[in-house]
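Here is the structure we will look at, set down as structure tokens.
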Amino acid sequence: MKRSALAAWLIPAAVVIGSLAGCGGGGEISVPADIRAVMNQPRYAGATWALRVVDAGTGQVLVDTQPNDPLYIGSVRKLFSVGELLDQVGPDHHDDTPVYAQGTVAGGVLTGNLVLVASGDLTMGGRTNPDGSIAISDEDHNEANSLGNAVLTKPDPLAGYKNLAQQVAAAGITQVTGDVIIDDRLFQPFPYRGEFNLRPIFVNDDMIDLTINPTAPGQPASVVWRPMSAALNVDSALTTGAAGSEFSFELAPEFSACIGTPGCTTQVTGVIPTDYKPRFTNTFPLVRTIRMTRPDNYARTVFIEALHAAGVTVTAPAVEENPVQLLPPQGAYPDTAKVAELTGMPYADYAKLILKVSYNLGADTSLLLWGKTQGVDNMTDALAVERGNLARNYGVQSSEYQFFNGSGGGDTKAYTRAVTTFLAQMRKSVNYGTYFDALPILGTDGSLAFVTDYESDPTLAGATGQVRAKTGTNIGAAQSGNGLLLKGQALGGYIRTQSGRQLIYTLVVNNAPVADIDAVAQVFQDEGTISAMLWRDY
């Protein structure tokens, strides 16, 4: 490492031109003038830009600035965790969720426990469209609170649990005298960003969705939520404000720790002005979410509720702590005891979900599931084993990155060449087509859907649809106390240029002060513009 990351951040963007690495005898190649003009805008004063562009056909490095600086790449890290699992299990692999009867069944009565064994299935049937495809919204609910709104997908988030309950009933069970248990021992719980412990069981991406509409000024706002369950009640004191009033929204508590106890409630307070313009849609409804802090307890409750709806009586309380102490030894389930099974979606669909909308829980789970294929069951060991895998099978050395989980959380950093090297190896993979299709498309879908502002330069318009890249964002508070610090905004992916050339590239800006989320969106636009310039000029 020639200089520390901190020193790199202090280099003004205007002087970062591009010392080359791995390009013949060395020397310098300037970043093209039009790209340099984007990077040198006043809003990037003091920021550091890095750009590495590689000809995919020849391996020639065309541009390589800041080659020896570890830079914040955020969710670009997902390229690795998704690619590795895809290569390990293949695009058609699916994780199925069985249910076992532990006891004896006579006359429809199960004298014993009903056990749902979590497999790490990310959606549990909750994103399956009628045609079998996966439902993905460009404005995904997982970031509704941080970005200000979302557009919900249409499938029933409890579809898989209802399907399993109906299978249990079809197997002839009408009553369960013991308990209902979620066996979530597939991997060790992973602390997720101070919010909750990630487990291999999911309900609606471990989110409760609030759909909010104003009514009349001074009256309660309309608040409905999904999934509706006794596992968590929502008490709304949200009111409708007059036009021009100030918007406010709060959850108390922000993270409910009581899921698994009767009467667990989250209160919603605030004011929704009648003329409020929700982000993305500019029209109501407004969507906010509540984190499902105990998905094991929540899943147990919704499964029992689904069993009741299917005509299966369960004598155990629907709301209580998941009784894992009643489980048999891990894996001790005979096939003859299986009474239901939910078939998971192919991993190709989950790769698309994770990369298109930057689904953090899916990426972390992917690394944990990859770790299981290597004989480890926790994040620390999965990261350790991954280091060897990346060096051995992808040519990415451990000195070239710092990964703390599978999704890009924390101070995730990497050299730009680590990203392009991995992308180059994925291009050689038999799974490349699936991987390529899973990436966000410039101006078309996912986290790049809205990066289309080329009105000032119509020669760039043709880049829409020709750039596929994973985005990554790391935002912190500005040291001044005013606004935000965009610690890192990055892109990593592939470009089919106007001339027909195939490029692999990584584009990163670090240490850019921004006023708010709208200013972050402008950085997205600028990186999209640079990507479009690469499409046009190479």
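The values are calculated or read from the model by the stated rules, or taken from the named source; none is laboratory data. Since the model is a prediction, treat every value here as computed from it, not as a measurement. We place every Cβ from the backbone using ideal geometry, glycine too, and count neighbours over all the protein chains shown. Calculation scope for accessible area: heavy atoms of the full protein, side chains included, ligands and nucleic acids excluded. Shrake-Rupley method; radii C 1.70, N 1.55, O 1.52, S 1.80 Å.
Things worth noting here:
- So ALA47, is it within 28 Å of the chain's Cα centre (by Cα), farther than 20 Å from LEU448 by Cβ, modelled with pLDDT of 95 or more and small (Gly, Ala, Ser): yes
- PHE303 meets each of the listed conditions (1) more than 23 Å from THR211 (Cβ to Cβ); (2) part of a loop (DSSP other than H, G, I, E, B) apart from (2).
- Residue satisfying condition, being of a type in the set (Lys, Arg), within 25 Å of PRO262 (Cβ to Cβ) and open to solvent by 20 Å² or more (accessible area, probe 1.4 Å), within set LYS154, LYS162: LYS162
Conditions (1) closer than 19 Å to TYR347 by Cα; (2) hydrophobic (A, V, I, L, M, F, W, C); (3) open to solvent by 10 Å² or more (accessible area, probe 1.4 Å); (4) touching a strand residue (DSSP E or B) at 6+ places or on another chain (Cβ under 9 Å), marked per residue:
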{"site": "ARG427", "(1), (2), (3), (4)": "yes, no, yes, yes"}
{"site": "ASN431", "(1), (2), (3), (4)": "yes, no, yes, no"}
{"site": "ASP437", "(1), (2), (3), (4)": "yes, no, yes, yes"}
{"site": "SER456", "(1), (2), (3), (4)": "no, no, yes, no"}
{"site": "THR464", "(1), (2), (3), (4)": "no, no, yes, yes"}
{"site": "VAL467", "(1), (2), (3), (4)": "no, yes, no, yes"}
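- Residue in segment 469-478 that is closer than 20 Å to SER358 by Cα, modelled with pLDDT under 95 and more than 20 Å from the chain's Cα centre (by Cα) present: no
- In segment 105-128, the residues that are under 23 Å from LEU367 (Cβ atoms) and either in contact with a Pro (Cβ under 7 Å, 6 or more places away or on another chain) or without any contact (Cβ under 8 Å) to a residue 60 or more places away in the chain (or both): VAL117, ALA118, SER119, GLY120, GLY126, ARG127
- Hits in segment 257-284 (condition: part of a loop (DSSP other than H, G, I, E, B), of a type outside the set (Gly, Ala, Ser), within 30 Å of PHE303 (Cβ to Cβ) and open to solvent by less than 70 Å² (accessible area, probe 1.4 Å)): CYS258, ILE259, THR261, CYS264
- Total residues in segment 180-206, condition assigned to a strand (DSSP E or B) and either surrounded by 24 or more Cβ atoms within 10 Å (Cβ to Cβ) or touching a helix residue (DSSP H, G or I) at 6+ places or on another chain (Cβ under 8 Å) (or both): 8
- Selection within segment 346-365 - touching an Asp or Glu at 6+ places or on another chain (Cβ under 9 Å) and either part of a strand (DSSP E or B) or over 30 Å from CYS264 (Cβ atoms) (or both): PRO346, TYR347, ALA348, ALA351, LYS352, LYS356
- Residue pairs meeting the criteria (Cβ under 6 Å; at least 6 apart or on separate chains; first among the hydroxyl-bearing types (Ser, Thr, Tyr), in segment 62-79; second part of a loop (DSSP other than H, G, I, E, B) and modelled with pLDDT under 95): THR65/VAL16; THR65/GLY18
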